[in-house]
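Presented below is the structure to which this report refers.
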Amino acid sequence: MDRYLKAIPPRAWYVAAGLLLVVYPFLTNDYWIDVANFFGIYAMLGLSLNIIVGYAGLFNLGHAAFYAVGAYTTAIINTTFHVPILWLVPLSALTAAGFAYLIARPILHLRGDYLCIVTIGFGEIVRITLVNNPLGLTGGPNGVLGIGRPSLFGLIIKQPLHFYFLIWAFVLLIVLGTKRLEESRIGRAWNYIREDALAAAAMGIDVARMKLLAFVIGAALAGVAGNIYASKMAVISPDSFTFWESVVMFSIVVLGGVGSIPGILVGTFGMFVLPELFRGFSSARMLVFGAAMIAMMIFRPQGLLPSQRWRRAMVDETVGLPAAGLSKTS
Amino acid sequence: MALLEVENLHIFYGHVHALKGITFHVNEGEMLTLLGANGAGKSTILRAVSGLLRPRQGRIVFDGKDITGLPAHQIVRLGVSHAPEGRKIFPTLTVEENLNLGAYSRWRDRTGVEESRRLVFRLFPRLAERRHQLAGTLSGGEQQMLAISRALMARPRLLLLDEPSLGLAPLLVRAIFKTIKEINAQGVTTLLVEQNARLALKLAHRGSVLETGNIVLSGTARSLLADERVRKAYLGER
């Protein structure tokens, strides 16, 4: 199948995807537009987590914490000071990034599974803190109500259709931004660090700083997603930022293809839209989903649309060429 | 003048006292080889010099500047480049991409990097032929060439080579050592860690012998080759 997909020039893909994106909301009803809206929000979250997990190779199972910080920043400031939602986008990004800086700094020397466990811990701490209503700010288990709607050039964005264009504009911006980042000097540094941190350090890369940067940028984008989510829902509560959310985001990245932007979009589709399609079989839905995940890990561990590098690495292994370099002597 | 001075260096791995007060220096333009059995602490010295390990005690001075405890990326920028043991190349990247990593901290100096690339390809023409090939598909010898080349891409004043002969066929080892000699002759000060003592001493100007974290013997390469103890312990003579 891959061969047929490759025969289509990439530009054709972009044009088709762009057309579909614009036409889609006019072909369907509000329910499916809202599905697309949440698809967009999760795509943002997936893309933001992809920077941390996919590019820098840092296991983060507490990404919902950054999402929550962004959402609550917007919610609290909007409801108390009535600052317009869209003005709060950079602020949400900043608070989430600042929060990531604070928690990531002391734990970045941890590796793999250890880092993963600590991020789970941080994710839970944030959620429980929100439930406990510190300083009366977060509204406890009820959350924050009555969050305003964003307005753009006098148009108040309220209907799903309006949100659709707002959300997907953000998705597009983030896609373009992360693409640039991936190809930049920073992106290459992450790549080296993920493959071999010691060799990267020996060659002059500031490993600690680059890892921190991945966390901070990833968190900032999750904060942006949180801002949009808060205004879309008008109500947020700690229930929206559970460990399960972090798991979903992590699965999006792994399912779609670690480090690959198209992969993340496909992964989000798989994680989010497909279960929606099968809502009819609601009782068996999770069972099917679980089975699909297991099948994926067995038959396509590199993800649905892996990045170029993963594809190369996998090809190497199947051909039986030396992957680590030490196994073969000349 | 000494380009690198190491003074009373102590390194611990947890509770294990790996280096017990090492003192040596490398003169500008010279090649010094560190000899010793497995676990004597040769690689540990290189890792300490390149900043991958932090010494518990002691001083490392490069070009008159105290670099003790400096992070690795800053030491690279000062002109120390490390080709680590086991090559540590990136198998899923192409030869060219691996080389680009070596020049990572020279991103402002495009013409200089281009020059280094030409130099490296002249030293190892086989890498030029395979520049678009994945590094993981290279032979062991070519991977070693790539590891050395990658270190050279940082345009080092001091090159740290860790066991460049590891796992290579004797003929290839000789070829690579010839190139190392050429690199040194072009003015790159070299600190060579090697198990193949005979070859290393033929190449280097001076040598030091390590035993369980201590330098037990130092001298010119010629004197070490003639030394009774070295001949017995490392050159396999009776």
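General remarks:
- Probe 1.4 Å, all protein chains present, accessible-area order of A:I252, A:I186, A:I76, largest first: A:I186, A:I76, A:I252
- Accessible surface, per residue, of chain A when the full set of protein chains is kept, probe 1.4 Å, Å²: 49 Å²
- Computed over the protein assembly as shown, the Cα gyration tensor eigenvalues convert (square root of 5λ each) into semi-axes of 54, 26, 20 Å, ordered from largest to smallest.
- Rounded Å value of the spacing that divides the Cα centres of the range B:167-237 and the range A:17-63: 59 Å
- For the range A:107-211, the list of chymotrypsin sites (Phe, Trp or Tyr not before Pro) that fall in a loop by DSSP and count at most 15 other C-beta atoms within 10 angstrom reads A:F153.
- Note on the range A:195-243: Cα-Cα pairs beyond 18 Å make up 53% of the total pair count.
- Exercise: per-residue mean of other protein chain Cβ atoms within 10 Å, B:87-99: 5
- Relative intensity, log₁₀ I(q)/I(0), of the range B:28-123 from a Debye sum that treats every alpha carbon as a point, q = 0.11, 0.13, 0.18 Å⁻¹: -0.42, -0.59, -1.06
- Sequence-separation-based contact order of chain A, relative, with Cα cut under 8 Å and 6+ spacing, percent: 29 percent
- For the range A:29-242, the convex hull drawn through the C-alpha positions has a volume of 116 cubic angstrom per residue.
- Legend: calculated FRET efficiency, A:K179 to B:L235, from the Cβ-Cβ distance at R0 = 56 Å, rounded to 0.05, equals 0.45.
- Mean projected area of the Cα convex hull of the range B:89-153, taken over all directions, amounts to 3.7 nm².
- Neighbourhood charge, 11 Å Cβ-Cβ cut-off, centred on A:I157 and excluding it, Lys, Arg +1 and Asp, Glu -1: +3
- Part-to-part distance (alpha-carbon centres) for the range A:198-228 and the range B:91-164, which is given in Å: 26 Å
- The length gained by stretching the chain between A:T80 and A:V235 to full extension, at 0.36 nm per residue less their Cα-Cα distance, is 54.4 nm.
- Take the Cα of A:Y14, step 7 Å toward its Cβ, do the same at B:H10, and the gap between the two points is 6.1 nm.
- Note on B:R122 and B:K202: their simple-model spin labels are 2.6 nm apart, each label 7 Å out from Cα toward Cβ.
- A:L21, A:L145, B:L224, A:L137, reordered so the largest accessible area comes first (probe 1.4 Å): A:L145, A:L137, A:L21, B:L224
- Pairs of Cα atoms nearer than 8 Å and 6+ residues apart set the relative contact order; for the range A:1-155 it is 24 percent.
- Average partner coverage of B:143-156, which counts Cβ from other chains inside 10 Å: 2
- Those trypsin sites (Lys or Arg not before Pro) in the range B:90-145 that DSSP places in a loop and that have at most 13 other beta carbons within 10 Å: B:R108
- Solvent exposure ordering (accessible area, 1.4 Å, most first) of B:M31, A:M297: A:M297, B:M31
- Cα-based reach from B:K88 at 19 Å (exclusive), listing lysines while leaving out same-chain residues under 8 positions away: A:K328, B:K42
- Rg(Cα)/(2.2 N^0.38 Å) for the range A:213-283, N = residue count: 1.24
- Cα-based shape type of the range A:105-180, given that a ≥ b ≥ c are square roots of the gyration tensor eigenvalues and the cut on a/c is 1.5: oblate
- In the range B:47-78, the trypsin sites (Lys or Arg not before Pro) that fall in loop regions by DSSP, at most 13 other Cβ within 10 Å: B:R56
The values are calculated or read from the model by the stated rules, or taken from the named source; none is laboratory data. Because the structure is predicted, anything quoted here is derived from the model rather than measured. Note: ideal-geometry Cβ built from the backbone for every residue, glycine included; neighbour counts use all protein chains shown. SASA here: full protein model, heavy atoms, side chains in, ligands and nucleic acids out. Shrake-Rupley method; radii C 1.70, N 1.55, O 1.52, S 1.80 Å.
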